[in-house]
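The values are calculated or read from the model by the stated rules, or taken from the named source; none is laboratory data. This is a predicted model, so every value here is computed, not measured. FYI the Cβ positions are ideal-geometry reconstructions off the backbone, even for glycines, and counts take in every protein chain you see. Surface areas here come from the heavy atoms of the whole protein model, side chains and all, with no ligands, DNA or RNA. Shrake-Rupley method; radii C 1.70, N 1.55, O 1.52, S 1.80 Å.
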Amino acid sequence: MNTAEAKFILAAYRPGGGDEGDPAFAEALRMTSDDPHLGTWFAQARAHDLAVAGKLAQIPPPYGLREAIVAGARVGGRQRRPAAAWGWMAAAAAFAVAIGLYSFRGVSPGTTATRQLADYAISDMVHGQHGSRGAPSGALVARLQTEGAPMPGAGEIDFENLRETGCRTLNFAGHDLLEVCFARDGAEYHFYVTRRDGPLGDAVAKGPDFVSEASGAAAVWSDGRFDYVIATGAGVAALRRLL
C-alpha cells in the first residue's frame with residue numbers, strides 16, 4: 001500500500017475512532033505511525049472531520065423532515081405529488097444542500113476566524129499526535145510550566161528557530177502553526193502560535209477571546225507579531241487563571 005492508497009482509505013475513517021478495530025483500516029493506520037507526513041495529514045483530517053461533525057450536530061433539521069421523507073417515499077411511484085409533499089421535499093433538499101455546503105467549507109457561514117482557530121486547536125488537542133523536540137521548544141515548555149509565569153510575547157518567540165529545530169508544526173488556513181504542550185496546576189494545555197500576517201488578521205487584537213465546547217476550551221489572542229491560542233480540557237476558568 002502506498003501513501004495515496006492509505007489516504008484514500010483513511011478519508012473514510014470516522015474521527016471519533018469508531019473504526020479503530022476495523023481490519024479494513026489496519027494497514028493504513030500502521031502507516032501513519034511509520035510515515036510522519038502521513039501521520040500529520042491524518043491528524044489534521046480527523047480534526048477537520050470532528051469540527052464539521054460538531055457543527056452539523058448544531059444544525060436543527062426542519063420540523064417534520066422525517067415525516068416528509070417518508071411521505072415522499074410513499075408517493076414516489078406517482079407522476080404527480082400533492083403540493084404539500086413537494087414543499088416538504090423542497091425543505092428536505094434545502095437541508096441536504098446546507099449540509100453539503102457546510103461539509104465543503106468546513107465552517108458555518110457565521111463562524112469568525114477566531115472561532116475557526118479555536119475549533120481547530122480544540123480538535124487537534126483531542127485527536128492530534130502531539131510531541132516536539134529540540135532545545136528551543138524544551139525551553140519554551142519550561143517557561144510555560146513555571147508557576148505564575150505570564151504567557152510569552154512577541155519578543156520571546158523565535159518562530160523560525162522553533163520550527164526548524166523540531167517544534168511540532170501544523171498547517172492552519174495555509175499558515176504554519178507551532179504547538180507545544182505543557183502542564184500547570186494539574187491541568188494540561190496546548191499552546192499554539194502563528195505569524196501575525198496569518199489567518200486572523202486584526203480579529204483578536206483586543207484579545208483574549210474565550211471559546212468553550214463539549215470537548216474542551218480555548219483562548220485566542222494576538223500581539224504585534226503573532227496570533228496565539230491555548231486549548232485545554234480543564235475549561236475556560238482554568239484558562240482565565242492561566243492568562
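Odds and ends about this structure:
- Selection within the range 119-155 - in contact with an Asp or Glu (Cβ under 8 Å, 6 or more places away or on another chain) and open to solvent by less than 30 Å² (accessible area, probe 1.4 Å): D119, I122, D124, G128, G153, A154
- Considering residues of the range 220-234 that are without any contact (Cβ under 8 Å) to a residue 60 or more places away in the chain and under 13 Å from V193 (Cβ atoms) only, the residue least open to solvent (accessible area, probe 1.4 Å): S222
- Considering each residue of the range 127-135 in turn, at least one proves to be in contact (Cβ under 8 Å) with a residue 60 or more places away in the chain, of a type outside the set (S, T, Y) and in contact with a Phe, Trp or Tyr (Cβ under 9 Å, 6 or more places away or on another chain).
- Residue in the range 105-116 that is of a type outside the set (V, I, T), surrounded by fewer than 18 Cβ atoms within 10 Å (Cβ to Cβ) and modelled with pLDDT of 85 or more present: no
- Residue match in the range 156-166 (condition: modelled with pLDDT of 90 or more, within 19 Å of T114 (Cβ to Cβ) and open to solvent by less than 30 Å² (accessible area, probe 1.4 Å)): no
- In summary, strands (runs of 3 or more DSSP E) completely within the range 197-243 and bearing 3 or more residues that are touching a Phe, Trp or Tyr at 6+ places or on another chain (Cβ under 9 Å) and either modelled with pLDDT under 95 or not charged (D, E, K, R) (or both) occur at 216-222, 226-232.
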